[in-house]
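One structure is given here, and the rest of the page talks about it.
Every read-out reported here was derived from the displayed coordinates using simple, explicitly stated rules and does not represent laboratory data. Predicted model only: the values in this text are computed from it and were never measured. With ideal geometry, Cβ positions are generated from the backbone for all residues, glycine too; neighbour counts draw on all protein chains shown.
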Amino acid sequence: MRFWAVCGLVLSLACAAGAAAASDIDKPARKFAIKTLDQQTIRSDELKGKVVVINRWATWCTPCQAEMVVFDKYVRGHRDSDLRIYAVVTDLQFAPSKLQPLQHILAYPLATGLSGFGYGVKEGVPTTYVIDRAGVLRYAKAGAFSRESFDALITPLLKEPVPEPAASEAAHP
């Protein structure tokens, strides 16, 4: 029994070490790369000017499943927006092929991998990170969104103007 308690403690500390801290909010988001279920690699640099949601979830998590419906309905209602949601599964032993049926019904991509420091699971799943159009981390918490709470966070961010590229970016597209 003691062995399992120590394993649980080590795992929770490892996950917490990889998660953004409250002090990271309102600061530039750390770089990341996401590997989608269809084997695409999406890098944070490719998402400039977009509102990005990185959602860490587990297949066994009932709040995660309910939250997926919230995300799906929001995306379907805002098809022409600059919102990008990536649902990164945390079940390392779960075969990605088993996620294909779910991917076919969702309006946003599932992902099997996420690299980059600061996007780990916080106190549990779901854990969500939201990055605004300017590349600033605006939200990093564990817990499921309701339709109302997701709308209250995301809609104002989508209404913000797309930042002008820096002079160095404009000169070197």
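Residues in region 144-157 that are hydroxyl-bearing (Ser, Thr, Tyr) and either assigned to a helix (DSSP H, G or I) or surrounded by 16 or more Cβ atoms within 10 Å (Cβ to Cβ) (or both): 149, 155.
Filter region 66-119 for residues that are among the polar types (S, T, N, Q), touching a residue at least 60 places away in the same chain (Cβ under 8 Å) and outside any helix (DSSP H, G or I) and give the result.
Of everything in region 66-119, those that are among the polar types (S, T, N, Q), touching a residue at least 60 places away in the same chain (Cβ under 8 Å) and outside any helix (DSSP H, G or I) turn out to be 81, 112, 115.
For region 127-141, the candidate set comprises residues that are hydrophobic (A, V, I, L, M, F, W, C) and in contact with a strand residue (DSSP E or B) (Cβ under 7 Å, 6 or more places away or on another chain); within that set, the residue that is surrounded by the fewest Cβ atoms within 10 Å (Cβ to Cβ) is 136. For region 120-143, taking the residues that are assigned to a loop (DSSP other than H, G, I, E, B) and under 11 Å from the mean Cα position of the chain (by Cα), the one that is farthest from residue 28 (Cα to Cα) is identified as 126. For region 26-51, a residue qualifies if it is hydrophobic (A, V, I, L, M, F, W, C), in contact with a Gly (Cβ under 9 Å, 6 or more places away or on another chain) and either closer than 24 Å to residue 161 by Cα or buried (at least 19 other Cβ atoms within 10 Å of the Cβ) (or both), and the qualifying residues are 29, 32, 34, 47.
The set of residues in region 58-96 being aromatic (Phe, Trp, Tyr) and more than 30 Å from residue 163 (Cα to Cα) consists of 60, 94.
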